[in-house]
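The values are calculated or read from the model by the stated rules, or taken from the named source; none is laboratory data. Everything quoted here is computed from the prediction, not taken from an experiment. In this analysis, Cβ positions are derived from the backbone assuming ideal geometry, glycine residues included, and neighbour counts consider all displayed protein chains. To get the accessible areas, we keep the full protein, side chains included, count just its heavy atoms, and leave off ligands, DNA and RNA. Shrake-Rupley method; radii C 1.70, N 1.55, O 1.52, S 1.80 Å.
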Amino acid sequence: MLSINRIALTFYMLLLQSSRRALAPAAFSTTQSSSFFSKISSAALPQHHNQRSKESRQQFAFPSSRTSLAISLSGPSAATNRTTTTGFSTMAITPDDREDATIPNYPTEMTEAERYLFDLNGFLIIRNVLSPAEVAACHAAIDQNKEEVIPRSDPTLRNAKEGSPMYGSGPPRLDLGGIFEWGELESRVFKSILAHPRLVPLFHGLLGKGYRLDHIPFVLMNNKGGEGFQLHGGTVDCISGEYNSNLAYTCHNGSIRSNLLGCNVMLVDHNPGDGGFCVVPGSHKSNFKMPPGMVDGLAHTECILQPATKAGDVVLFSEGTVHGAMGWTSDTQRRCALYRFAPATMSYGRSYFQGDGEEKNATMWPSKFYDGLSEAERAVLEPPYANRLDRPNILEDGSVEVTTRSERKKQHDKDVFKTKYF
């Protein structure tokens, strides 16, 4: 028998496919799910937004309003520091959520306001990227796999100075990997971030065409009092003061490039004072290391901002912008999916390598990453190499175009180097 979480995921997929039909309001609660979901025998995996033509995407209805997220949460286990929550209850479908609306008219390029704000602050908040139903599906998938959570309990894994605002009151951060390997239902929303139509123009504006996933994404979790992370990063490292080209930020003739871009997908509300992700606005342009005490949040706290976000929002930030996380103070368990992206030719991580580098498909991600991907999403998993060397680029309508050279030049290289790669 399917669990309630699995049922919620199944219903979410049906909801996406039938978004223009009226659905009876129903909370995904234990008492209601038995009769409501008994009528559901199976659900096909929906296509990602970018697999659709412009015309069909315009018929895809996103819920237009947020609903409150009911939480049932107890404290972490004293023995393991794992969460002992019975799970986030998924959100009720309201009449507003069933509104016969068309998909938002997403920009096809980064706007002037977005460019200004990112260049000014080094980060940008994009509201309502995920719908309430998509957020609920993420929570259900996390609950389904919560036994895989690994706490950072070992002293060598702690990321903040004890007694600092980043340290919290003691419980460690909880890390949950595997979010691309849980199966088509559980991983669908997480994978959609790779080429989400709201984010692609921003990825292009900050990373350029041919952008790529650089690290394996995972979910950060904190119970109340959970540890954050001392300030780190910076184009000029905030601790050593040394120039860090791996995290460099540049803007030339109106073109922004960030060598490594963080992408926080917020799955719960982060209200003022709750803690979690924090940033030093404008620090991507700093030329000096931080003064004593600042990396631990013990000095110059007026310069450290914890942005207020809602579930479904996305925060994009240059890794060249000094950032960290405050200790978590909310009764609601913190949940945030963290991705990192890079320009086509840049690489910080090496998670796309397998084996000794000599075997076939040695530069592939784990095989389950590719399950159920659209052509656009798959393009983001390419290893680092230049666009002109047959790299797939995502176009404005979500289709993919391979940028290439002439066949004669390619054949010449193959004749000289005895391989298509050089």
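Let me know the shape class of region 277-333, please: from the alpha-carbon gyration tensor, a ≥ b ≥ c as square roots of the eigenvalues, rounded when a/c is under 1.5, otherwise prolate if a/b is greater than b/c, or oblate. In terms of gyration-tensor shape, oblate. Annotation for Glu407 and Glu184: the two label points, set 7 Å from Cα along the Cα-Cβ direction, are 3.5 nm apart. Which value, in Å to one decimal place, does the Kirkwood hydrodynamic radius take for region 239-311 when every pair of different Cα atoms is included? When all Cα pairs of region 239-311 are included, the Kirkwood radius is 14.5 Å.
Length gained on full extension, Ile239 to Glu162: 25.9 nm, using 0.36 nm per residue less the C-alpha separation.
The accessible area of Asp390, taken with all protein chains in place and a 1.4 Å probe, comes to roughly 50 Å². D by Stokes-Einstein for region 102-200, Kirkwood Rh over Cα pairs, 4 °C, 1.567 mPa s: 77 µm²/s.
With the cut-off at under 19 Å, measuring from each backbone N in region 325-347 to a point 7 Å along the Cα-to-Cβ line of Asp175 picks out 325-328, 334-341.
Heavy-atom accessible surface of Lys310, to the nearest 10 Å², is about 80 Å², with a 1.4 Å probe and all protein chains retained. Shown is the FRET efficiency for Asp371 and Phe288, computed with R0 = 45 Å from the Cβ-Cβ distance and rounded to the nearest 0.05: 0.45. If you take the beta carbon distance between Phe353 and Asp390 as r and set R0 to 25 Å, what does 1/(1 + (r/R0)^6) give as a FRET efficiency, to the nearest 0.05? My answer for the efficiency is 0.80.
At a Cα cut-off below 16 Å, give the lysines reachable from Lys191, other chains included and same-chain residues fewer than 8 away excluded. Counting by Cα, and skipping residues close in sequence, Lys191 has these lysines nearby: Lys368.
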